[in-house]
1. Could you figure out which of (1) more than 14 Å from ligand 1 (Cβ to nearest atom); (2) in contact with a Pro (Cβ under 8 Å, 6 or more places away or on another chain) isn't true of residue 104?
2. Mind checking whether some residue in region 113-124 is without any contact (Cβ under 8 Å) to a residue 40 or more places away in the chain, polar (S, T, N, Q) and out of contact with any Pro (no Cβ under 7 Å at 6 or more places or on another chain)?
3. What number of residues within region 193-215 satisfy the criterion of being in contact with a strand residue (DSSP E or B) (Cβ under 8 Å, 6 or more places away or on another chain) and over 25 Å from residue 272 (Cβ atoms)?
4. Starting from residues that are of a type in the set (Val, Ile, Thr) and either open to solvent by less than 30 Å² (accessible area, probe 1.4 Å) or more than 20 Å from residue 126 (Cβ to Cβ) (or both), keep the ones in region 80-104 and report whichever is nearest to ligand 2 (Cβ to nearest atom).
5. Can you tell me which residue within region 149-186, out of those that are out of contact with any helix residue (DSSP H, G or I) (no Cβ under 7 Å at 6 or more places or on another chain) and aliphatic (A, V, I, L, M), is farthest from ligand 2 (Cβ to nearest atom)?
6. So, residue 179, is that one within 14 Å of the chain's Cα centre (by Cα) and surrounded by 23 or more Cβ atoms within 10 Å (Cβ to Cβ) or not?
7. Determine whether residue 141 is in contact (Cβ under 8 Å) with a residue 24 or more places away in the chain and within 16 Å of ligand 2 (Cβ to nearest atom).
8. Can you find even one residue in region 98-120 that is of a type in the set (Asp, Glu) and more than 17 Å from the chain's Cα centre (by Cα)?
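The values are calculated or read from the model by the stated rules, or taken from the named source; none is laboratory data. Treat the numbers as computed from the prediction; the structure is a model and nothing was measured. Virtual Cβ from ideal backbone geometry, glycine too; neighbours counted across all protein chains shown. Side chains are part of the model used for accessible areas, which takes the heavy atoms of the whole protein and leaves out ligands, DNA and RNA. Shrake-Rupley method; radii C 1.70, N 1.55, O 1.52, S 1.80 Å.
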Amino acid sequence: MRRSAQDIQLKTPEQIELMRAAGLVVAAALDAMRSAVAPGVSTADLDAIAEQVIRDNGAVPSFKGYHGFPASICASVNEQVVHGIPSAAQVLQEGDLLSLDCGAVLNGWHGDSAITVGVGETDPALLRMAEVAEDAMWAGIAAAARGAANGRGRLTDISFNVEKTIRKAGRYGIVDGYGGHGIGTEMHQDPHVLNHGKPGKGPRLVPGMALAIEPMITMGSPRTQELSDGWTVITRDGSMAAHVEHTMALLEDGVWVTTAPDGGRARLGELVTSRQPALNPLPE
Ligand code: MG
Ligand code: MG
């Protein structure tokens, strides 16, 4: 495997196509869950839906068994930020804000993506926070694409653009201690991708890099704590939180958001590679 000077796993275009196939499975699982979200549905119900979609597509849920994690998704409700464990006892209620994080491995390659959605009628301020997290994620991805294209990009250009987008949008807490990551033949690889910081630092952004970009923000303080279940991360002040994520890969001719069905075209336009999905494992 080719590696960069900083020991980051660099993928060939063919390997990135395999990541695209895995990413489309994750996208399908998230889509199925999004359609099923409603008051009265439990997070265990959503977990079962995701696992079914992943396995129906010949992939394996990468979260299941990861350091002992018991499920195929993380479902984080309201003040839960990330890593919530799905449960039959956690029944969604009207007005909840729900983050669904999902990963799949197909033919040895990973995809990792998350969405934040409202349950039924939801406070517009919470939906706006989810939108800000999404905008920040796309700004980070766009910065990576531009930096790789002009040859001057550095890793923290992503972090800087994520933070800038959030700060411009309002007084949100930017969760520290968790962030994006390299991804490829493992779900979590180097480098760690901070959601804040100065631009122009860290490894160069080069074709072959694949990263998961995942802003986490809150309506209040950025401080978090882990529950005694050893997984669930909540806000210390009880404020609501949003988390979104996409996996993206840098190619010679642009970025490919492997977990976005359109590859990122709607949000990034010409920054997206002209490469077409050569592999689409999803049934008609
Ligand atoms: Mg994830
Ligand atoms: Mg991730």
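1. (1)
2. Scanning region 113-124, I find at least one residue that is without any contact (Cβ under 8 Å) to a residue 40 or more places away in the chain, polar (S, T, N, Q) and out of contact with any Pro (no Cβ under 7 Å at 6 or more places or on another chain), so the answer is yes.
3. 2
4. Among those residues, the one meeting the criterion is 82.
5. 149
6. It is false that residue 179 is within 14 Å of the chain's Cα centre (by Cα) and surrounded by 23 or more Cβ atoms within 10 Å (Cβ to Cβ).
7. In short, yes.
8. So far as region 98-120 goes, no, none of its residues is of a type in the set (Asp, Glu) and more than 17 Å from the chain's Cα centre (by Cα).
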